[in-house]
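A short write-up of the structure that comes next.
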Amino acid sequence: MNLLLNKKYTRRNFLGLGLLGTLFLTGRFSLTPSGKFLTARLEEEFEHQTTIAKLHPTPEKWSYNEVTVAWLGHASFLINFFGTKILIDPALGSRIGITPIGNQTIGLRRYISAALNSGEVGPVDLLLLSHAHTDHFDYPTLRQLQSPNTIAVTAQNTTSLWQGMKFQSIEEMHWGDSKSLAGVNVKAIEGKHWGARLPWYKGMEANTLLLSKSSL
Ligand SMILES: [Zn+2]
(Lines give C-alpha, C1' and ligand atoms only; values in the text may rest on other atoms or scores of the structure.)
Protein backbone atom coordinates (compact mmCIF):
# COMPACT_ATOMS: atom_id res chain seq x y z
CA MET A 1 0.00 0.00 0.00
CA ASN A 2 1.30 3.46 -0.88
CA LEU A 3 0.35 6.19 1.59
CA LEU A 4 1.03 9.90 1.10
CA LEU A 5 0.61 12.00 4.23
CA ASN A 6 0.94 15.51 5.55
CA LYS A 7 -0.72 17.08 8.59
CA LYS A 8 -1.04 20.55 10.07
CA TYR A 9 -3.25 20.49 13.14
CA THR A 10 -5.62 18.25 15.00
CA ARG A 11 -9.13 17.43 13.93
CA ARG A 12 -10.55 18.61 17.27
CA ASN A 13 -8.92 22.04 16.89
CA PHE A 14 -10.09 22.30 13.32
CA LEU A 15 -13.74 21.57 14.12
CA GLY A 16 -13.77 23.78 17.21
CA LEU A 17 -12.34 26.74 15.37
CA GLY A 18 -14.72 26.14 12.48
CA LEU A 19 -17.71 26.46 14.78
CA LEU A 20 -16.35 29.58 16.45
CA GLY A 21 -15.53 31.09 13.08
CA THR A 22 -19.02 30.47 11.78
CA LEU A 23 -20.57 32.09 14.85
CA PHE A 24 -18.20 35.04 14.53
CA LEU A 25 -19.00 35.63 10.86
CA THR A 26 -22.73 35.30 11.31
CA GLY A 27 -22.73 37.85 14.12
CA ARG A 28 -23.89 35.43 16.78
CA PHE A 29 -20.75 35.74 18.81
CA SER A 30 -19.74 39.07 20.36
CA LEU A 31 -16.21 39.59 21.55
CA THR A 32 -15.22 41.21 24.85
CA PRO A 33 -11.91 43.06 25.40
CA SER A 34 -10.54 39.88 26.84
CA GLY A 35 -11.31 38.20 23.53
CA LYS A 36 -8.52 39.89 21.62
CA PHE A 37 -6.54 36.70 21.52
CA LEU A 38 -9.52 34.88 20.06
CA THR A 39 -10.05 37.63 17.49
CA ALA A 40 -6.46 37.36 16.36
CA ARG A 41 -6.70 33.59 16.21
CA LEU A 42 -9.88 33.70 14.13
CA GLU A 43 -8.35 36.22 11.73
CA GLU A 44 -5.40 33.92 11.38
CA GLU A 45 -7.62 30.89 10.72
CA PHE A 46 -9.71 32.71 8.13
CA GLU A 47 -7.13 34.84 6.32
CA HIS A 48 -3.71 33.20 6.56
CA GLN A 49 -1.78 32.20 3.48
CA THR A 50 -2.32 28.79 1.94
CA THR A 51 0.75 26.93 0.83
CA ILE A 52 0.78 24.47 -2.03
CA ALA A 53 0.88 20.82 -1.01
CA LYS A 54 4.38 19.43 -1.49
CA LEU A 55 3.15 16.10 -2.74
CA HIS A 56 1.17 15.72 -5.93
CA PRO A 57 -0.29 12.23 -6.36
CA THR A 58 -0.41 10.81 -9.86
CA PRO A 59 -3.40 8.41 -9.78
CA GLU A 60 -3.23 7.90 -13.53
CA LYS A 61 -0.02 5.94 -12.90
CA TRP A 62 -1.33 3.75 -10.10
CA SER A 63 -1.45 0.02 -10.64
CA TYR A 64 -4.79 -1.74 -10.88
CA ASN A 65 -3.26 -4.78 -9.18
CA GLU A 66 -2.82 -3.32 -5.71
CA VAL A 67 -4.26 -0.83 -3.25
CA THR A 68 -2.94 2.72 -3.47
CA VAL A 69 -4.10 5.44 -1.08
CA ALA A 70 -3.36 9.17 -1.25
CA TRP A 71 -4.28 11.54 1.54
CA LEU A 72 -5.53 14.69 -0.20
CA GLY A 73 -5.88 16.76 2.99
CA HIS A 74 -8.05 16.79 6.15
CA ALA A 75 -10.42 13.78 5.79
CA SER A 76 -10.17 13.35 2.01
CA PHE A 77 -8.59 10.20 0.60
CA LEU A 78 -8.32 8.92 -2.96
CA ILE A 79 -7.97 5.16 -3.34
CA ASN A 80 -7.35 2.80 -6.21
CA PHE A 81 -8.76 -0.41 -4.76
CA PHE A 82 -7.64 -3.05 -7.21
CA GLY A 83 -9.01 -1.09 -10.15
CA THR A 84 -11.93 0.67 -8.46
CA LYS A 85 -11.44 4.40 -8.01
CA ILE A 86 -12.79 5.48 -4.61
CA LEU A 87 -12.93 8.94 -3.06
CA ILE A 88 -13.66 9.47 0.63
CA ASP A 89 -15.09 12.64 2.21
CA PRO A 90 -13.78 15.03 -0.45
CA ALA A 91 -13.38 18.67 0.60
CA LEU A 92 -10.86 19.98 -1.92
CA GLY A 93 -11.51 23.72 -2.08
CA SER A 94 -9.58 26.59 -0.52
CA ARG A 95 -12.00 26.85 2.41
CA ILE A 96 -14.18 24.54 4.46
CA GLY A 97 -17.41 25.74 6.04
CA ILE A 98 -20.99 26.60 5.22
CA THR A 99 -22.21 27.40 1.69
CA PRO A 100 -25.40 29.43 2.13
CA ILE A 101 -25.42 30.65 -1.49
CA GLY A 102 -24.11 28.70 -4.47
CA ASN A 103 -20.56 27.46 -4.11
CA GLN A 104 -19.23 30.36 -2.02
CA THR A 105 -17.88 28.89 1.20
CA ILE A 106 -17.80 30.83 4.46
CA GLY A 107 -15.30 29.14 6.68
CA LEU A 108 -11.72 28.41 7.51
CA ARG A 109 -8.98 28.77 4.92
CA ARG A 110 -6.72 25.80 4.40
CA TYR A 111 -3.14 25.98 5.60
CA ILE A 112 -2.11 23.56 2.89
CA SER A 113 -3.97 23.16 -0.37
CA ALA A 114 -5.57 19.84 -1.21
CA ALA A 115 -3.07 17.58 -2.92
CA LEU A 116 -5.41 17.32 -5.92
CA ASN A 117 -8.31 19.49 -7.00
CA SER A 118 -11.62 18.09 -8.25
CA GLY A 119 -10.59 18.27 -11.89
CA GLU A 120 -7.39 16.37 -11.20
CA VAL A 121 -9.28 13.68 -9.29
CA GLY A 122 -11.79 13.34 -12.12
CA PRO A 123 -14.81 11.05 -12.06
CA VAL A 124 -14.63 8.23 -9.54
CA ASP A 125 -16.44 4.92 -9.31
CA LEU A 126 -17.39 5.24 -5.66
CA LEU A 127 -17.85 8.40 -3.63
CA LEU A 128 -18.02 7.58 0.08
CA LEU A 129 -19.32 10.14 2.57
CA SER A 130 -18.95 9.17 6.20
CA HIS A 131 -21.23 11.86 7.63
CA ALA A 132 -22.70 15.28 6.97
CA HIS A 133 -20.38 17.68 8.79
CA THR A 134 -19.17 20.44 6.48
CA ASP A 135 -15.55 19.32 6.56
CA HIS A 136 -16.59 15.89 5.24
CA PHE A 137 -19.61 16.81 3.11
CA ASP A 138 -18.45 19.78 1.06
CA TYR A 139 -21.04 21.00 -1.41
CA PRO A 140 -18.72 22.82 -3.85
CA THR A 141 -16.49 19.76 -4.20
CA LEU A 142 -19.39 17.35 -4.54
CA ARG A 143 -21.03 19.48 -7.22
CA GLN A 144 -17.78 19.50 -9.19
CA LEU A 145 -17.56 15.72 -8.96
CA GLN A 146 -21.05 14.98 -10.30
CA SER A 147 -20.99 12.16 -12.82
CA PRO A 148 -23.47 9.63 -14.21
CA ASN A 149 -20.77 7.00 -13.65
CA THR A 150 -20.33 7.64 -9.93
CA ILE A 151 -22.20 5.86 -7.13
CA ALA A 152 -22.38 7.91 -3.94
CA VAL A 153 -22.73 6.38 -0.48
CA THR A 154 -24.19 8.48 2.30
CA ALA A 155 -25.16 7.94 5.93
CA GLN A 156 -28.63 7.25 7.26
CA ASN A 157 -31.04 10.21 6.89
CA THR A 158 -28.64 12.30 4.79
CA THR A 159 -30.00 11.64 1.27
CA SER A 160 -31.93 14.93 1.34
CA LEU A 161 -28.62 16.82 1.44
CA TRP A 162 -27.83 15.56 -2.09
CA GLN A 163 -30.87 17.20 -3.60
CA GLY A 164 -30.10 18.72 -7.01
CA MET A 165 -26.88 16.76 -7.55
CA LYS A 166 -26.66 14.18 -10.31
CA PHE A 167 -24.89 10.89 -9.71
CA GLN A 168 -25.59 7.40 -10.95
CA SER A 169 -27.23 6.71 -7.58
CA ILE A 170 -27.22 7.87 -3.98
CA GLU A 171 -26.99 4.87 -1.68
CA GLU A 172 -28.07 5.61 1.87
CA MET A 173 -26.60 3.08 4.27
CA HIS A 174 -27.52 2.39 7.86
CA TRP A 175 -25.31 0.63 10.39
CA GLY A 176 -25.16 -3.06 9.51
CA ASP A 177 -26.17 -2.57 5.87
CA SER A 178 -24.07 -4.25 3.16
CA LYS A 179 -24.19 -3.46 -0.56
CA SER A 180 -22.24 -4.48 -3.63
CA LEU A 181 -21.38 -1.24 -5.42
CA ALA A 182 -19.05 -0.78 -8.41
CA GLY A 183 -17.60 -4.21 -7.75
CA VAL A 184 -16.84 -3.43 -4.11
CA ASN A 185 -18.57 -4.89 -1.06
CA VAL A 186 -19.42 -1.94 1.18
CA LYS A 187 -20.49 -2.57 4.77
CA ALA A 188 -21.64 0.25 7.04
CA ILE A 189 -20.58 0.09 10.66
CA GLU A 190 -21.62 2.44 13.44
CA GLY A 191 -19.41 5.49 13.48
CA LYS A 192 -18.72 6.71 17.00
CA HIS A 193 -19.40 10.29 16.01
CA TRP A 194 -22.28 12.74 16.04
CA GLY A 195 -23.33 12.96 12.39
CA ALA A 196 -25.85 15.82 12.10
CA ARG A 197 -24.93 18.63 9.71
CA LEU A 198 -26.65 21.11 11.99
CA PRO A 199 -27.67 20.46 15.62
CA TRP A 200 -31.38 20.55 14.82
CA TYR A 201 -31.10 17.96 12.00
CA LYS A 202 -32.29 14.81 13.73
CA GLY A 203 -31.32 11.25 12.91
CA MET A 204 -28.28 11.86 10.72
CA GLU A 205 -25.79 9.11 11.42
CA ALA A 206 -22.06 8.70 10.91
CA ASN A 207 -20.69 5.63 9.16
CA THR A 208 -17.50 3.70 9.26
CA LEU A 209 -17.29 1.85 5.94
CA LEU A 210 -15.59 -1.51 5.52
CA LEU A 211 -14.56 -2.25 1.90
CA SER A 212 -13.74 -5.62 0.40
CA LYS A 213 -13.67 -7.41 -2.95
CA SER A 214 -14.81 -11.00 -3.09
CA SER A 215 -12.80 -11.65 -6.24
CA LEU A 216 -9.46 -11.14 -4.47
ZN1 LIG B 1 -17.66 15.22 11.97
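The values are calculated or read from the model by the stated rules, or taken from the named source; none is laboratory data. Source: prediction; values computed, not measured. Note: ideal-geometry Cβ built from the backbone for every residue, glycine included; neighbour counts use all protein chains shown.
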**Request:** Determine if the range 124-147 includes at least one residue that is surrounded by 15 or more Cβ atoms within 10 Å (Cβ to Cβ), within 16 Å of the ligand (Cβ to nearest atom) and farther than 19 Å from SER76 by Cβ.
**Result:** no
**Complete:** Scanning the range 94-115 for residues that are under 13 Å from the mean Cα position of the chain (by Cα) and modelled with pLDDT of 95 or more gives ALA114
**Prompt:** Counting only residues that are farther than 13 Å from LEU129 by Cβ and either without any contact (Cβ under 8 Å) to a residue 40 or more places away in the chain or charged (D, E, K, R) (or both), which one in the range 173-186 is farthest from the ligand (Cβ to nearest atom)?
**Reply:** SER180
**Asked** Any chance the range 191-207 includes a residue that's in contact with a Lys or Arg (Cβ under 9 Å, 6 or more places away or on another chain), surrounded by fewer than 16 Cβ atoms within 10 Å (Cβ to Cβ) and at pLDDT 95 or above?
**Response** no
**Request:** Would you point out the residue of the range 148-172, among those that are surrounded by fewer than 17 Cβ atoms within 10 Å (Cβ to Cβ) and not polar (S, T, N, Q), that is nearest to the ligand (Cβ to nearest atom)?
**Result:** MET165
**Complete:** Subset of the range 151-170, residues free of Cβ contacts under 8 Å to residues at least 40 places away in the same chain and either among the aromatic types (Phe, Trp, Tyr) or within 13 Å of ILE88 (Cβ to Cβ) (or both), comes to ALA152, THR154, TRP162
**Request:** Could you grab me the full set of residues in the range 99-123 that are assigned to a strand (DSSP E or B) and away from the ligand (no atom under 16 Å from the Cβ)?
**Result:** THR99, PRO100, ILE101, GLN104, THR105, ILE106, ARG109, ILE112
**Message:** Can you report the number of residues in the range 35-71 which are assigned to a loop (DSSP other than H, G, I, E, B) and more than 21 Å from the chain's Cα centre (by Cα)?
**Reply:** 7
**Request:** Would you please list the contacts, defined by Cβ atoms under 8 Å and residues six or more apart or on different chains, that run from a residue in the range 125-146 that is farther than 16 Å from ASN207 by Cα and β-branched (Val, Ile, Thr) to a residue that is outside any loop (DSSP other than H, G, I, E, B) and more than 9 Å from the ligand (Cβ to nearest atom)?
**Result:** THR141/SER118
**Asked** Exactly one of (1) among the aliphatic types (A, V, I, L, M); (2) under 15 Å from ALA132 (Cβ atoms); (3) not in a loop (DSSP other than H, G, I, E, B) is unmet by ILE189. Its number?
**Response** (2)
**Message:** Would you confirm whether or not the range 16-31 contains a residue that is closer than 20 Å to ILE88 by Cβ, modelled with pLDDT under 95 and surrounded by 10 or more Cβ atoms within 10 Å (Cβ to Cβ)?
**Reply:** yes
**Message:** Can you pull out every residue in the range 58-94 that is surrounded by fewer than 19 Cβ atoms within 10 Å (Cβ to Cβ) and under 15 Å from TYR139 (Cα atoms)?
**Reply:** SER94
